[in-house]
Amino acid sequence: MTSCDDFLKAKETRAEIEKAIDYANASVYSIKVEADKDSGIITKPAAGEARVKVTDTFNLSFHSEQDYQFIKWEVYNEATNQPIENGLYLQIEDPKKIDTNCSVLSYPNDSNIQLAVRAIAAERPQIILARPQYSETGAPRFSNIEISFNKSNMDPSCIYYSEPEMTELIDQLGLSESDFLKGDETLCNNQYYGYKDQEGHKHFKNIQFSGIKLTDSGDYTAEFPGDYFYNPYFIEDSGFSGCRLIYQMMNPPIQSKVTVYYSLNKDFCYMQDDIPVKMLESKPYAYETMLKESERPGFTQDFNYVNFLQVKVGDDDWKSLAVYQLSSDDKLFNEIPELSNTTNIEFKLNFEAQDTGGSGLLPSFSLSLITKNYIPNYGNEIEILESYSINYSSVVMNGSKGTPPDFYTIDRTTTTELKDVGEYKFELIIYDNDTNSEEAWDGPDANHKIPVYFKLKLTQPAATN
């Protein structure tokens, strides 16, 4: 038995000796370990080169610069710069760990293959510009928050909740599905961008809002500026060759004298090789809404006069009206459309108006009868014939698409003032939101409305109702 045991041990020892001799006689292979310029430095192996033989294992380690994020290690052919499958010649233990090991399995027989390893790092997304910017005079109250990134492929999941995330929030915060806020179909693809807490305040994904408001007494009170924003979305930003994140302001907008603080989490990212490439750190910003009434420029009369206001003069015939802003001078009306319809006056609106004062436009307009047959209603209050409301989400009111109807109707059979034939002069007025605020005004003010005048000639008396 002893002889057999000695024989087996001698056989194993001989195999180990032969293996050691083969290793000693094996050629040394030089493997370069590199990284892209400016992305960081290779800390292991020393000097970025490993001199190895088959069965050797060596360490890989990388230190990335702060503007770059490590993604993975990759084996490649230095001669052609083409990737080589991990495990074919070299086996990287965990390619996604910044510190890991690499084993040499075999040498390539092809002289055109020069094994090498590289650390792949991606440039972190950066914010190039955030608007509104802080200024002493403050920003218009209706201003959207717009954040420009240097990357064009920012991940929409940064601003929209997934179903698992919503389920987790429901469990953690005691929310219900109805508490979540769905974005519109065009901008947000019907995805959920936020939720309301038990007090009714809004919360968004990866951005936090807070604020303070200066009261008339000079004291500060807590504010919830996030309640005034909705429908965040990404668009291309050609100015920075990246993309822009927009948080829309609601109408009516945030109050005046509010300092808006918001912070973007560092989780804002884009995807590379199924890995989120994130910002280095969270980014805080602040701006103020306009502080003083005297600093508000008021309206700008910025109209598109092409088909701005049209009236139906026939069965399918729409005529563009000659309209005049801020003037009631009858001499300007040299063309007055004639209407023979005995039941309805139908008109369309298709225009843009901008309120540079900061409060935004009210989602409504009023239509008033000024005169009939050039006889002013002096001494009498102007009677509003009809009042229409339009729901819209910006300072654009367009009667041919979206939420507003295609046209508006005044019923002559029920409107006493429009039953007779004759020429009628109308005033159409659009207001800003300050018409309803205590601090804005106590009566009509040209800084808070846009009046437009037009005339119609009714050639037939109204039908009997």
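A few remarks follow.
- Taken together, the residues in region 268-287 that are farther than 17 Å from residue 156 by Cβ, surrounded by 14 or more Cβ atoms within 10 Å (Cβ to Cβ) and not aliphatic (A, V, I, L, M) amount to 4.
- Positions within region 141-166 being over 24 Å from residue 272 (Cβ atoms) and surrounded by 19 or more Cβ atoms within 10 Å (Cβ to Cβ), in sequence order: 141, 142, 143, 145
- Evaluated against (1) in contact with a helix residue (DSSP H, G or I) (Cβ under 9 Å, 6 or more places away or on another chain); (2) surrounded by fewer than 15 Cβ atoms within 10 Å (Cβ to Cβ); (3) of a type in the set (Lys, Arg), residue 51 falls short on exactly one condition, (1).
- Checked against the criterion of being aromatic (Phe, Trp, Tyr), open to solvent by 40 Å² or more (accessible area, probe 1.4 Å) and either closer than 30 Å to residue 290 by Cα or free of Cβ contacts under 8 Å to residues at least 40 places away in the same chain (or both), region 99-121 has no qualifying residue.
- Wholly within region 173-267, strands (runs of 3 or more DSSP E) carrying at least 1 residues that are touching a strand residue (DSSP E or B) at 6+ places or on another chain (Cβ under 6 Å), open to solvent by 20 Å² or more (accessible area, probe 1.4 Å) and under 19 Å from residue 285 (Cα atoms): 202-204, 207-214, 220-223, 229-237, 242-249, 258-264
- Taken together, 233, 228 contain a single residue that is hydroxyl-bearing (Ser, Thr, Tyr) and within 16 Å of residue 161 (Cβ to Cβ), which is 233.
- Selection within region 220-275 - touching a Phe, Trp or Tyr at 6+ places or on another chain (Cβ under 6 Å) and under 26 Å from residue 71 (Cα atoms): 242, 243, 245
The values are calculated or read from the model by the stated rules, or taken from the named source; none is laboratory data. Source: prediction; values computed, not measured. When we count neighbours, we look across all protein chains shown, and the Cβ atoms used for this are built from the backbone with ideal geometry, even at glycine. To get the accessible areas, we keep the full protein, side chains included, count just its heavy atoms, and leave off ligands, DNA and RNA. Shrake-Rupley method; radii C 1.70, N 1.55, O 1.52, S 1.80 Å.
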